[in-house]
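Presented below is the structure to which this report refers.
The values are calculated or read from the model by the stated rules, or taken from the named source; none is laboratory data. All of these numbers come straight from a predicted model, not from anything done at the bench. Ideal geometry is used to build each Cβ from the backbone, glycine not excepted, and the neighbour counts take in all protein chains shown. Ligands, DNA and RNA are stripped out before the accessible areas are found, and what is left, the full protein with its side chains, is counted by its heavy atoms. Shrake-Rupley method; radii C 1.70, N 1.55, O 1.52, S 1.80 Å.
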Amino acid sequence: MLGSDVLLCFIFYSTLLILKMYIIAIITGQVRLRKKAFANPEDAERHGGVQFCRIDPYVERCRRAQCNDMENIFPFLFLGAVYSMTGPSFAVARLHFLVFFLGRVVHSIAYLLALKAPTRSFAYVIAQVPCVSMAIQILMEVASFA
């Protein structure tokens, strides 16, 4: 009922990515609680006082990882959905989705654990390759209609 094998594969990896985003959000919240570093005075008041409305470097690292996920996963969701409708081969499409997923997982781990450079940059670039490839293939598919 959901469609082609390619679309089902896309849905699988997209769902894993959304779950990964939730996990990063939960980690961010837990780090805020552990470090007592809250963004809003009402949250700080609830957890000990307004003095805990402050910035913590590790909380900010978690937030940047979370923002970076949104900046990269949301475009992937669009590109992957449209790409799935262009009739690509299953093996090639699966490779695109898998590489992006693994790149984002490594990127998040590198971000949260502050791994040595260029680990995070390398993971970012690797994850962008399938996105650029899908974008090019989509444009080639629809160019004659522009």
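The table that follows gives values for the structure above.
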quantity: Within the stretch 5-140: Cβ-based charge dipole about Cα centre, in debye rounded to nearest 20 (Lys, Arg +1; Asp, Glu -1); calculated: 460
quantity: Cα-projected label distance for Arg54 with Glu71, points at 7 Å along beta-carbon direction, nm; calculated: 2.8
quantity: Apportionment of accessible area to carbon and sulfur, the chain, percent (1.4 Å); calculated: 69
quantity: Protein-only accessible surface order, largest first, of Tyr13, Tyr22 at 1.4 Å; calculated: Tyr22, Tyr13
quantity: Loop sites in the stretch 1-100: trypsin sites (Lys or Arg not before Pro), DSSP, at most 15 other Cβ within 10 Å; calculated: Arg54
quantity: Per residue, in Å², the accessible surface of the stretch 5-140 once ligands and nucleic acids are set aside, probe 1.4 Å; calculated: 56
quantity: Between the stretch 4-35 and the stretch 61-83, the Cα center-to-center distance that results, in Å; calculated: 10
quantity: Residues Ile27 and Val132, FRET efficiency given R0 of 30 Å [Cβ-Cβ distance, rounded to 0.05]; calculated: 0.55
quantity: For the chain, with +1 on Lys and Arg beta carbons and -1 on Asp and Glu, the positive-most of Ala110, Gly80, Val125 along the dipole; calculated: Ala110
